[in-house]
Amino acid sequence: MDVANIQSLNECKKDSGKSVFYEISEKYNKQNSCESDVDSELIFVIPFNSRVKILSVSVLSYSGFEAQTI
């Protein structure tokens, strides 16, 4: 994954979308978050350095900030 070139649309804070892609050991770090400034949608463009096969995607939400739909 080319983290430096990840783009996120509708983010409140510039480049905060890059902070939500991290190593598994950091998954409960609440500083790694991204919020939408317009509506309930966040759109990520994630470039990869080589061909990949994505087997799963994990989306975590902190108490009180759960999305109504995913």
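Per-residue answers, yes or no, for (1) more than 11 Å from the chain's Cα centre (by Cα); (2) modelled with pLDDT of 80 or more; (3) surrounded by 10 or more Cβ atoms within 10 Å (Cβ to Cβ); (4) aliphatic (A, V, I, L, M):
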| position | (1), (2), (3), (4) |
| --- | --- |
| Asp2 | yes, yes, yes, no |
| Asn10 | yes, yes, yes, no |
| Ser25 | yes, no, no, no |
| Tyr28 | yes, no, no, no |
| Gln31 | yes, no, no, no |
| Val38 | yes, no, yes, yes |
| Phe44 | no, yes, yes, no |
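Report the residue count in region 33-62 for those that are among the small types (Gly, Ala, Ser) and not in a loop (DSSP other than H, G, I, E, B). Show your work before the answer.
The initial filter retains those residues of region 33-62 that are among the small types (Gly, Ala, Ser), namely 33, 36, 40, 50, 56, 58, 61.
In the following step, the residues that additionally are not in a loop (DSSP other than H, G, I, E, B) were identified as 36.
Going through region 33-62 one residue at a time, the tally reaches 1.
List the number of the failed condition for Phe21; all other conditions in (1) in contact (Cβ under 8 Å) with a residue 24 or more places away in the chain; (2) over 9 Å from the mean Cα position of the chain (by Cα) hold.
It fails just one condition, (2).
Which residues, counting only those in region 46-64, are exposed (fewer than 10 other Cβ atoms within 10 Å of the Cβ), modelled with pLDDT under 80 and more than 10 Å from the chain's Cα centre (by Cα)?
Tyr62, Ser63, Gly64, listed by residue number.
The values are calculated or read from the model by the stated rules, or taken from the named source; none is laboratory data. Given the structure is predicted, the values throughout are model-derived calculations rather than measurements. Cβ: placed from backbone, ideal geometry, glycine included. Neighbour counts: every protein chain shown.
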